[in-house]
Amino acid sequence: MRRIEPLDLVDVLVYLIVLGIFTQFFPAVISESFLTSLVTAALLKIVLEFAILGKTFLLTRIKTADRLRVRVAASISLFAVAAGSKALILWLTDVVLGDAVYLGGFFSVTLLVITLMLVRTGVRALLEPRRRGTSEIP
């Protein structure tokens, strides 16, 4: 089991902000309090980390496969992981938080996840040290 790193906490903060924006601008997304939004952001972090691991494994499998049958099976599995992660998010928030959080339907969760991944990528790009230039300042 890996340790929680500062970047993981930044991800949860980013997810919390994006969830707050979705709650503000999309009537289908409802969160009753800040604490439920924080728990939802943590659940999103956990599920999306597993989804990213699964997608990375399957994409590597597609690229390295030498048989068409393996590539097709990995592609179908990739689609199942992508759709299944959204269904898992909906189910898990319902089980853990009940009626305190409603993320809308499958399409609003898909839009939420796409937005989360884009913002996460942007924030990580901002936090990554610049590797251009001749030297880095310690």
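The values are calculated or read from the model by the stated rules, or taken from the named source; none is laboratory data. Owing to the predicted nature of the structure, the values given are computational and were not obtained by experimental measurement. With ideal geometry, Cβ positions are generated from the backbone for all residues, glycine too; neighbour counts draw on all protein chains shown. Just so you know, the surface numbers come from the protein's heavy atoms only, side chains and all, with ligands and any DNA or RNA stripped out. Shrake-Rupley method; radii C 1.70, N 1.55, O 1.52, S 1.80 Å.
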Carbon and sulfur %, accessible surface of the range 1-122 computed with the full protein complex present, 1.4 Å: 73 percent
Quantify how much of the Cα-Cα distance distribution of the chain extends past 18 Å, in percent. 61 percent
Using the crude model of +1 on Lys and Arg Cβ and -1 on Asp and Glu Cβ, and no other charge, please compute the dipole size for the chain relative to its Cα centre, in debye to 20. 840 debye
Surrounding charge for Arg71, neighbours by C-beta under 11 angstrom, Lys/Arg +1, Asp/Glu -1, total +3
I need the trypsin sites (Lys or Arg not before Pro) found in the range 33-93, filtered to DSSP loop residues with at most 12 other beta carbons within 10 Å of theirs. Arg67
Provide the gained length on full extension for the span Val95 to Leu118, in nm with one decimal, where the gain is 0.36 nm per separating residue minus the Cα-Cα distance. 5.6 nm
Counting only protein heavy atoms and rolling a 1.4 Å probe, one gets per residue an accessible area for the range 74-121 in Å² of 53 Å²
Per residue of the range 79-84, in order, report the coupling 6.51 cos²θ - 1.76 cosθ + 1.60 (Karplus, θ = phi - 60°) as ³J(HN,Hα) in whole Hz, putting x for Gly and Pro. 5, 5, 5, 4, 6, x
